[in-house]
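Data first, discussion second: the structure below is written as structure tokens.
Computed from the coordinates by the stated procedures, all read-outs in this text should not be read as laboratory data. Note that this is a predicted model, so its numbers are computed, not measured. Cβ sites come from the backbone with ideal geometry, for glycine too, and all protein chains shown count toward neighbours.
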Ligand SMILES: Cc1ncc(COP(=O)(O)O)c(C=O)c1O
């Protein structure tokens, strides 16, 4: 009999855990184990103090273990651990729905809770198709996304998503999807600060051509992110979202804007819809909703869509969709606490005031070895690192070098992404950028 206490050998405690979106074999050789978090830092089991320059995964906008959020979760856990999401509600979830709806423009006034950004995207796509059917336009089933778009990992999200590795292993995906091209010109738009001023009409002409090709009567919705986050921080031209709204509206097509990253402060504003003065039909949110503390996402829905569902169904559930953990009491309590901190501590305004400093800091990397493009929007930065031969063969060592020197940033392929906690000091911005500079210079 083996003396090993586990199937995998007594020293290999990490083996049974299959990490998501991770090179597992490489991870096993050098496991990164975060033992605790506090404020702007992670602390690893190996004794490292790590500046979190990626806000967890774009979600810990307030930093870690905020005392008000911790207290809210603890109090709620002692009060209601779980409440059924079907046929029941609880006080925190009603209140949070109102607080969220109040932050979105126009008639975006109903909130359908889910547990992640992926579920929010699939929920929004289902809502769009069902909405048209309920209105007697059941031929509108086609869904249009964008190259390099990321809408999570459900079958709906990857079907409209535009990241090749996330799609190619999974068969034929949803039928009847198409994609707009990526609204970024790597030559003309390179090194732009903020939104490129490039003419967005050619992208609208392309959308019009796609709509003509398929016929508007077959198209349910267009879904885009305000900027491609997981796709590497690529920013569409100024006015793109507004024009997309106009063109989709003209053809009776719903516009879904995926604000999983951009809602709750990343752009120095409550959300992109408010910032850009655009009212989508549906907005998807997650991550910052409760500072990434307890899984939660939502679709925020225009009144006309909600009313259509309510008015078309005489009795019984109006939308055959939902999750056991929709509007979970702990997530909702954390959400209320986080939203309260955003408001009372002026977090979005402070983030906005930091944007010019962050922009200068990120763009100071121009001219460093291997850097071929730099982009920024709000408190998000992207630095493209020229590959030697294979995708990410330089960007990954650069991110690893930064990690070894106490700064956590992330690379998506050849693009290094920076997403500071909204409360970063200028010193913490400097430390992030100088650590990346050192890493670039140390990488051949
Ligand atoms: C724009 C966008 N949509 C959806 C998702 C998926 O969110 P989740 O990982 O919570 O499913 C993400 C995650 O990064 C995202 O950035």
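Largest GNM mean-square fluctuation across 289, 144, 80, computed for the chain with C-alpha springs under 10 Å, falls on 80.
A Förster radius of 22 Å, combined with the Cβ-Cβ distance separating residue 71 from residue 94, puts the computed FRET efficiency at roughly 0.60.
A crude spin-label estimate for the pair residue 37 and residue 49, with each label 7 Å from Cα along the Cβ direction, gives 1.9 nm. Put a dot 7 Å past the Cα of residue 366, heading toward its Cβ, do the same for residue 172, and the two dots end up 4.9 nm apart.
Give the peptides 372-378, 434-440 in descending order of average Cβ contacts within 10 Å, highest first.
Numbers: 372-378: 23.0, 434-440: 20.3.
Highest mean packing first, the order is 372-378, 434-440.
Peptides 315-324, 129-138, ordered by how many other C-beta atoms sit within 10 Å of their residues on average, highest first, read 129-138, 315-324.
Label separation (residue 82 vs residue 185): 5.5 nm, computed from points 7 Å beyond Cα along the C-beta direction. Taking the centroid of alpha carbons for each part, segment 155-183 and segment 254-279 are 23 Å apart. Binning all Cα-Cα separations of the chain at 20 Å, short to long from zero, yields these whole-percent fractions: 25, 57, 18, 0. Ordering 25-35, 192-202 by mean Cβ neighbour count within 10 Å, with the highest value first, yields 192-202, 25-35.
Please report the antiparallel percentage of DSSP beta bridges with both residues in the chain, rounded to the nearest 5.
On the way: 32 of 48 bridges.
Bridges in the chain that DSSP calls antiparallel: roughly 65 percent.
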